[in-house]
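Engineer: Once you've had a glance at the structure underneath, I'll fire off some questions.
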Amino acid sequence: MLDFGHVLAGVAVVLAVEGLCYAAFPGVMKAMLARLSTLPEQRLRQGGLVAAAIGVAAAWIIVSF
């Protein structure tokens, strides 16, 4: 069953991966952030919802099996 400990572990993994991306590819990350600032809010919102849904589904599948 997915509990709060699993959620915190998932957040920790995301922070670690994001930190590694900034450490390894700072120029690419800056360029990506600059490009994101030009996108319409609705498109960012849709992308965020899709990413959140995929993340929740993946966490549920991983914990269930």
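Engineer: Starting from 0.36 nm per residue, how many nanometres of slack lie between residue 18 and residue 36 once their C-alpha separation is accounted for?
Structural biologist: Stretched fully, the residue 18-residue 36 segment lengthens by 4.9 nm.
Engineer: A further question on this structure: To the nearest 500 deg cm²/dmol, what mean residue ellipticity at 222 nm is calculated for the chain from DSSP H runs of n ≥ 4 alone, each contributing -39,500 (n - 2.57), summed and divided by the residues?
Structural biologist: After summing the helix terms and dividing by the residues of the chain, the value is -29500 deg cm²/dmol.
Engineer: Additional query: Give the angle, between 0 and 90 degrees and rounded to the nearest 10, that separates the Cα long axis of helix 41-64 from the longest principal axis of the Cα atoms of the chain.
Structural biologist: Its long axis makes an angle of about 30 degrees.
Engineer: Considering only protein heavy atoms and a 1.4 Å probe, what is the carbon-and-sulfur percentage of the accessible area of the chain?
Structural biologist: Heavy-atom surface of the chain belonging to carbon and sulfur, 1.4 Å probe: 76 percent.
Engineer: What is the pair-distance distribution P(r) of the chain, computed from all Cα-Cα distances in 10 Å bins starting at 0, with each bin given as a whole percent?
Structural biologist: Going from the shortest bin to the longest, the percentages are 18, 36, 35, 11, 0.
Engineer: Using a basic spin-label model with each label point 7 Å from the Cα along Cα→Cβ, how many nm lie between residue 63 and residue 49?
Structural biologist: In this crude spin-label approximation the distance works out to 2.3 nm.
Engineer: Now for a separate question. Mind checking the angle between helix 4-24 and the chain's longest principal axis? C-alpha axes, 0 to 90 degrees, to the nearest 10.
Structural biologist: Once rounded, the angle reads 30 degrees.
Engineer: Right, something else. With every protein chain kept in place and ligands, DNA and RNA left out, what is the accessible area per residue of the chain? Probe 1.4 Å, answer in Å².
Structural biologist: Heavy-atom SASA per residue in the chain reads 85 Å².
The values are calculated or read from the model by the stated rules, or taken from the named source; none is laboratory data. Computed from a predicted structure; not experimentally measured. Note that each Cβ is placed from the backbone with ideal geometry, even for glycine, and that neighbours are counted across all protein chains shown. Just so you know, the surface numbers come from the protein's heavy atoms only, side chains and all, with ligands and any DNA or RNA stripped out. Shrake-Rupley method; radii C 1.70, N 1.55, O 1.52, S 1.80 Å.
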